[in-house]
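Each reported figure results from applying straightforward, stated rules to the coordinates on display, with no laboratory input. The model shown is predicted, which means the values in this text are computed figures rather than measured ones. Glycine also receives a Cβ, built like all others from the backbone with ideal geometry; neighbour counts cover every protein chain displayed.
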Amino acid sequence: MVTVRRRPAPGQRRGARPPAARAATAATRQVTLGPSARGRRLDQALVEAFPQLSRARLQALIRDGHARVDGRAAKAASRMSGGERIQLTLPPAEPALPEPEDLPLRVLFQDRDLLVLDKAPGMVVHPAAGHRKGTLVNALLHHVRDLQGVGGTLRPGLAHRLDKDTSGCLVVAKNDAALRGLQASFKTRQVQKTYLALVHGQPPAEGHIETPYGRHPRHRQRFTGRLADGKPARTAYRVRERLHGAALLEVDLLTGRTHQIRVHLAEAGHPLLGDALYGGTRKGDARVKAVQSALGRQALHAWRLAFRHPRTGAQRHFEAPVPVDLRAAVDGLRPP
């Protein structure tokens, strides 16, 4: 069993708020390795303990002296016995101020507290390596006054996100109070999220998938539900329409793990059309492959979103129209 505890930054009293000038401080994590770490390299053991960090990132932290084993520096290749106490220090990210850009946004709803957007497929949500410009955040900073700094510089106002090639509903907070309220709703799973997914094959009329979930142990860009242990992940679906070599599903995302719908459906034998990462482009006959080639992305759309408004408490429901490219894909697979 791994236990994780966050400690105050050096010189900071427990519970004290750091001054603004020192807001970007290092974060320290402590874990106790479980029996499964016995005989494993330090970097391998830390991949299990910190699944949100890539092995390359962990190796760099170890190399730079940010990981200590029972109080001592260690190498990535050091073999663990299990039971060691690890202290991992995460240096603050280099400050990077996204630049406002005049990019189009599809606004479904807006008030003084939040916006609900219909994110276009192909748009990255927030700046990251290789995507410093042209993101949804760059567009938000242009269109929304005083959004800078809400919830942090790099991801202002974002309570959740969508993959680059996933279209549809995304809610953004316009002030810190709204952001805290939305984050609490997502954390307690009070947000209802329904997607449309175009998948290969003919799945049962409905299904419920529940698995442990985490980063793939070998392919670090992927996630999997085929783990002995992991965070719980739950997905429910029902067939909306059966098509040639494919089916259009309504999918309820009951937990919000990274790539969850893509992984659960792929590992159930029905990957999304156009999903190269999880095998979707390797299936289907000539007609299906022609449709997914024209689509040019994974066939996933965040169709409906419902949550309680963080200020009023009123239940709000939103729906993003099915985008043209996904409609064309469905039409292309309907019987003549």
Original post:
Which value results when the Cα radius of gyration for region 193-332 is divided by 2.2 N^0.38 Å?
Top reply: 1.08
Original post:
Any idea how far apart R106 and H142 come out in nm if each label point goes 7 Å out from Cα toward Cβ?
Top reply: 1.8 nm
Subject >> For the chain, calculated [θ]222 nm from helices alone, where every DSSP H run of n ≥ 4 adds -39500 (n - 2.57) >> reply: -5500 deg cm²/dmol
**OP:** Would you kindly calculate the mean projected area, averaged across all directions, of the convex hull enclosing the Cα atoms of region 107-188, in square nanometres?
**Re:** 5.1 nm²
**OP:** For region 32-128, report the translational diffusion coefficient in µm²/s to the nearest whole number, using Stokes-Einstein at 20 °C, 1.002 mPa s, and a Kirkwood Rh over Cα pairs.
**Re:** 128 µm²/s
Original post:
Can you list the lysines whose alpha carbon sits under 20 Å from that of K187, skipping same-chain ones fewer than 8 residues off?
Top reply: K174, K231
Original post:
In sequence order, what are the phi-derived ³J(HN,Hα) couplings for region 293-307 according to the Karplus relation 6.51 cos²θ - 1.76 cosθ + 1.60 with θ = phi - 60°, rounded to whole Hz, with x for glycine and proline?
Top reply: 5, 5, 5, x, 7, 5, 8, 9, 9, 6, 7, 10, 9, 9, 6
**OP:** Taking every pair of Cα atoms in region 148-260, average 1/r, invert it to obtain the Kirkwood radius, and report Rg/Rh to two decimals.
**Re:** 1.02
Subject >> Gaussian network model of the chain, springs between alpha carbon atoms under 10 Å - residue of V116, V125, V107 with greatest fluctuation >> reply: V107
Original post:
Short version: ³J(HN,Hα) in whole Hz for each residue of region 235-243, in order, from phi by Karplus 6.51 cos²θ - 1.76 cosθ + 1.60 (θ = phi - 60°), x for Gly and Pro, what are they?
Top reply: 9, 10, 9, 8, 6, 8, 7, 8, 10
Subject >> Ratio of the Cα radius of gyration of the chain to 2.2 N^0.38 Å, where N counts its residues >> reply: 1.09
**OP:** Report the relative contact order of the chain, percent, no decimals, based on alpha-carbon pairs under 8 angstrom and at least 6 residues apart.
**Re:** 13 percent
